[in-house]
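The structure appears right after this line, and notes come after that.
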Amino acid sequence: MGFIKGKAAVLVACVVGATLLIAVPAEAATVSVTAGKPSEYKFAIPSSVKHGKVTFKVTNKGKIAHDFSIGGKTTPTLKPGASAKLSVTLKKGKAAYKCTIPGHAAAGMKGTLKVS
Ligand SMILES: [Cu+2]
């Protein structure tokens, strides 16, 4: 009977292994961010994102250059109409974001994203 018990153990291990594989997220979330809207020194951005790898697609719809900085990374300076993607890994909690162009964050281009 020892042989059968051993086989049963292998079967259980396989089922557990398969479940773990299925639980791994397949794709990074993409979040759209608009700079320069609703007003020049504002971002239009969702209030929360899921933790893990997140790709921000940032588009500048303002009349002057902006960028977007989060999780220690910053997009290139975006001219009006330009866009860029920024991939970062975010942990659960909060993530601060801002425009790094001098004066812009102070004028309102900053905020905090809830990371769930
Ligand atoms: Cu800016």
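Where a number appears in this text, it was derived from the coordinates with a stated rule and is not lab data. Keep in mind that this is a model prediction, so the values were computed, not measured. Because the Cβ atoms are built from the backbone with ideal geometry, glycine has one as well, and the counts that use them run over all protein chains shown.
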Inter-label distance, nm, simple model (7 Å from Cα along the C-beta direction), ALA29/THR55: 1.6
Among LEU86, LEU113, PRO102 - extreme Cα towards positive end, dipole of region 26-115, charges at beta-carbon: LEU113
Extension gain, SER47 back to LYS79 (0.36 nm per residue minus Cα-Cα distance, nm): 9.1 nm
Euclidean distance of C-alpha centroids, region 81-116 and region 29-57, integer Å: 7
